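Chemist: Got a structure here, written out as structure tokens. Questions coming.
The values are calculated or read from the model by the stated rules, or taken from the named source; none is laboratory data. Quantities reported herein were computed from a predicted structural model and do not represent experimental measurements. Cβ placement follows ideal geometry from the backbone for every residue including glycine, while neighbour counts extend to all protein chains displayed.
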Amino acid sequence: MFPAYCFCVILFVFGIVLSFVYTLIHKRMIVTKSANRGTEISRQVVLPFMKSLEISLKSIRVRFFRSMITTMSLILAVSFLSFVRVGTDAANGLLQTQNPTYRQALVRAGYDLEPGATSMGSSAKERWIVILSLLVCVVGIVNAQLMAVTERFREIGTIKCLGALDSFVLRLFVLEAGMQGLAGAGIGALLGTVAALLNSLIRFGLVAWRYVYWLAVAKSMVFALAIGCILSLLGVLYPAIVAARMQPVEAMRVEQ
Amino acid sequence: MSNSHSIVRVSGVTKVFKLRKHDVEALRGVDLEIHAGEYLSIMGPSGSGKSTLFNMIGGLDKPSSGKVFIDEVDIAQLDAYELAWLRCRKIGYIFQTFNLIQVMTALENVTLPMIFAGMHNDAAVEKGLDLLEVVGLGDRFRHKPFELSGGQQQRVAIARAMANDPAIILADEPTGNLDLTTGEEIIELLKRLSEEKSVTVISATHDFKMLSVSDRVVWIRDGRIDKVEEREQLSISVGEIAHRA
Ligand SMILES: Nc1ncnc2c1ncn2[C@@H]1O[C@H](COP(=O)(O)OP(=O)(O)OP(=O)(O)O)[C@@H](O)[C@H]1O
Ligand SMILES: [Mg+2]
């Protein structure tokens, strides 16, 4: 069985490699140039990190509704992921009491238990659904971000006329997606966890909470949060590179 | 002005846009020298290639053949970094559609190029306020572009173009979207700034009001330079036009 996190790790590595290659190409260009002409010019176009943070925050605030929609699919997917994982954590807590009554309750609730098993993972079916939902979520984010980029062609062209480098544009979009990702994944992880805990409360009663490993729950939440951020960044990578590469004239020709 | 050095030199520039069915020759070999500190207007009918030439001079687009020199540096030889630097420090752009960044206030629009140029935030804000004062919008710095009239937006755009004290201001139909009097005010403002700060102003236009303030007018037709008129010759043809109109 191909676990969900394997898949996500592969996606993550892929993303890192892509962005690394991009910066590498960029860096090499700068280095060869500054070797030719000295570093004087290359240092003179800058966008301080705090300023880019400020600009991306502002863009999110101004287009709050649109950002919400982009973030919504992420919230749903991440909350589903954390729902499944926290649900499993809660069931595991019960299972590890080795109490036959709880065990029976678990079987009645639909968990497939090997005889004598003292711990379990989520079922294969659940995992596949989680993976699928995450995939759909990435596609949704790419789609929404491509639209957001198209909407902002003129803005991109303009800031390039004012002296912005490709990397500034890339950074602005990545920062925006990162913040959306953090917010969306945070809300999603919280929602999913609360839902899973309530669910186990309804199914098994208060005992379920007594035996929950809170550390495992916290781990699941952090995991879901991390996956959410990674997916958000992954989804914006292609649109952001498209935006960053645009020539100012092309970008400003677009009617809007 | 003839003794000052040429800040922009365009030599044999052609531009062909390749479309699916046929090619469009927007520029068919333009040679032009622009002197430091002059106010130059590029005049011509719609579709004659003014905007295309504007984009070439501003380093926003690459010629199909020929060269553009700014301060005797061939801009085709510049890399992305140096080109960005040129756009940031050397040239200020003004567009017909203003092109302010909608999500930013007037002040933020004006300070952005200074931030790119590495200026400290407080210094940029101070200078931005001064510039807005100069263009007559000192009290509107907190307003977003959509809260300003067309003329006011163009003033903000002018302040933004002046942000890094550029040597050249490129204006593509700066009065194209404005009514008569507002257009006149904008032209006045450009003229005043060009004199006070001795910037070279290059503006593409078909607004005849522009003629009276220009030191030189380049008439362009079908992608070629038709004629170049100095200020002295100009009053005569302006008279003619005024007569015809
Ligand atoms: N990106 C492009 N693709 C194809 N053709 C283009 C492109 N840009 C300009 N052209 C063509 O080049 C010619 C010159 O266009 P340009 O925009 O330079 O004219 P202009 O003098 O600025 O006109 P206007 O006064 O209406 O702004 C036109 O025939 C136009 O159709
Ligand atoms: Mg034009």
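Chemist: Which condition does A:T150 not pass, out of (1) modelled with pLDDT of 90 or more; (2) surrounded by fewer than 22 Cβ atoms within 10 Å (Cβ to Cβ); (3) more than 14 Å from chain B (Cβ to nearest Cβ), if it passes all the others?
Modeler: Tallying (1) modelled with pLDDT of 90 or more; (2) surrounded by fewer than 22 Cβ atoms within 10 Å (Cβ to Cβ); (3) more than 14 Å from chain B (Cβ to nearest Cβ), A:T150 fails exactly one: (1).
Chemist: Next up: Would you confirm whether or not region B:186-196 contains a residue that is within 16 Å of ligand 1 (Cβ to nearest atom), over 19 Å from B:N109 (Cβ atoms) and not aromatic (F, W, Y)?
Modeler: Scanning region B:186-196, I find no residue that is within 16 Å of ligand 1 (Cβ to nearest atom), over 19 Å from B:N109 (Cβ atoms) and not aromatic (F, W, Y), so the answer is no.
Here's the yes/no breakdown for (1) assigned to a helix (DSSP H, G or I); (2) small (G, A, S); (3) closer than 16 Å to B:M43 by Cα:
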site	(1), (2), (3)
B:L189	yes, no, no
B:L193	yes, no, no
B:S198	no, yes, no
B:A204	no, yes, yes
B:S212	yes, yes, yes
B:W219	no, no, yes
B:K227	no, no, yes
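Chemist: Looking at (1) surrounded by fewer than 23 Cβ atoms within 10 Å (Cβ to Cβ); (2) touching a residue at least 12 places away in the same chain (Cβ under 8 Å); (3) over 30 Å from A:V107 (Cα atoms), which is the only condition A:N143 fails?
Modeler: (2)
Each row is one residue, and each column tells you yes or no for (1) more than 15 Å from the chain's Cα centre (by Cα); (2) within 16 Å of ligand 2 (Cβ to nearest atom).
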{"position": "B:V24", "(1), (2)": "yes, yes"}
{"position": "B:T52", "(1), (2)": "no, yes"}
{"position": "B:N55", "(1), (2)": "no, yes"}
{"position": "B:Y81", "(1), (2)": "yes, no"}
{"position": "B:R87", "(1), (2)": "no, no"}
{"position": "B:Q96", "(1), (2)": "no, yes"}
{"position": "B:L107", "(1), (2)": "yes, no"}
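Chemist: A follow-up question, please. I'm trying to understand the selection: among the residues of region B:175-201, which are touching a helix residue (DSSP H, G or I) at 6+ places or on another chain (Cβ under 8 Å) and within 26 Å of B:H5 (Cα to Cα)?
Modeler: Those that are touching a helix residue (DSSP H, G or I) at 6+ places or on another chain (Cβ under 8 Å) and within 26 Å of B:H5 (Cα to Cα): B:I187, B:E188, B:L189, B:L190, B:K191, B:L193, B:V199, B:T200, B:V201.
Chemist: Another question, then. Determine which single condition B:D222 fails, assuming it passes every other condition in (1) buried (at least 20 other Cβ atoms within 10 Å of the Cβ); (2) within 16 Å of ligand 2 (Cβ to nearest atom).
Modeler: If we test B:D222 against (1) buried (at least 20 other Cβ atoms within 10 Å of the Cβ); (2) within 16 Å of ligand 2 (Cβ to nearest atom), just (1) comes out false.
Chemist: Mind checking which residues of region B:37-50 are in contact (Cβ under 8 Å) with a residue 12 or more places away in the chain and within 13 Å of ligand 2 (Cβ to nearest atom)?
Modeler: The answer is B:I42, B:M43, B:G44, B:P45, B:S46, B:S48, B:G49, B:K50.
Chemist: Yes or no: region B:53-60 includes at least one residue that is touching an Asp or Glu at 6+ places or on another chain (Cβ under 8 Å) and either among the basic types (K, R) or closer than 27 Å to B:A80 by Cβ (or both).
Modeler: The answer is yes, given that some residue of region B:53-60 is touching an Asp or Glu at 6+ places or on another chain (Cβ under 8 Å) and either among the basic types (K, R) or closer than 27 Å to B:A80 by Cβ (or both).
Chemist: If you scan region B:165-183, which residues turn out to be within 16 Å of ligand 1 (Cβ to nearest atom) and either over 11 Å from the mean Cα position of the chain (by Cα) or over 11 Å from B:T97 (Cβ atoms) (or both)?
Modeler: Selection gives B:L170, B:A171, B:T175, B:G176, B:N177, B:L178, B:G183.
Chemist: Collect the residues in region B:130-139 that are assigned to a helix (DSSP H, G or I) and crowded, with 17+ Cβ neighbours inside 10 Å, keeping them in residue-number order.
Modeler: B:L131, B:L132, B:V134
Chemist: From the set of residues in region B:69-110 that are in contact with a strand residue (DSSP E or B) (Cβ under 9 Å, 6 or more places away or on another chain) and among the aromatic types (F, W, Y), which is modelled with the lowest pLDDT?
Modeler: Out of the qualifying residues, it is B:F95.
Chemist: Can you tell me which condition B:I42 does not meet? The list is (1) away from chain A (no Cβ under 11 Å); (2) assigned to a helix (DSSP H, G or I), and all the others hold.
Modeler: Only one criterion in (1) away from chain A (no Cβ under 11 Å); (2) assigned to a helix (DSSP H, G or I) is unmet by B:I42, namely (2).
Chemist: Within region B:14-46, how many residues turn out to be within 12 Å of ligand 1 (Cβ to nearest atom) and crowded, with 20+ Cβ neighbours inside 10 Å?
Modeler: Matching residues across region B:14-46 total 7.
Chemist: I'd like the residue in region B:155-184 that is away from chain A (no Cβ under 14 Å) and assigned to a helix (DSSP H, G or I) and, out of all such residues, is farthest from ligand 2 (Cβ to nearest atom).
Modeler: If we take residues in region B:155-184 being away from chain A (no Cβ under 14 Å) and assigned to a helix (DSSP H, G or I), then B:T181 is farthest from ligand 2 (Cβ to nearest atom).
Chemist: Residue by residue through region A:166-189, note down the ones that are among the aliphatic types (A, V, I, L, M), within 14 Å of another protein chain (Cβ to nearest Cβ) and crowded, with 24+ Cβ neighbours inside 10 Å.
Modeler: A:V169, A:L172
Chemist: Residues that are in contact (Cβ under 8 Å) with a residue 12 or more places away in the chain, farther than 22 Å from A:V46 by Cα and not β-branched (V, I, T): does region B:78-96 have at least one?
Modeler: Yes.
Chemist: Condition first: facing another protein chain (nearest Cβ under 9 Å), assigned to a loop (DSSP other than H, G, I, E, B) and polar (S, T, N, Q). Now tell me which residues in region B:51-108 satisfy that.
Modeler: Answer for region B:51-108, where residues must be facing another protein chain (nearest Cβ under 9 Å), assigned to a loop (DSSP other than H, G, I, E, B) and polar (S, T, N, Q): B:T97, B:N99, B:Q102.
Chemist: Also: Residues to consider are A:S59, A:S123, A:S119; find the one that is within 23 Å of A:I230 (Cα to Cα), in the same structural domain as A:G184 (by TED's automatic domain parsing) and hydroxyl-bearing (S, T, Y).
Modeler: A:S59
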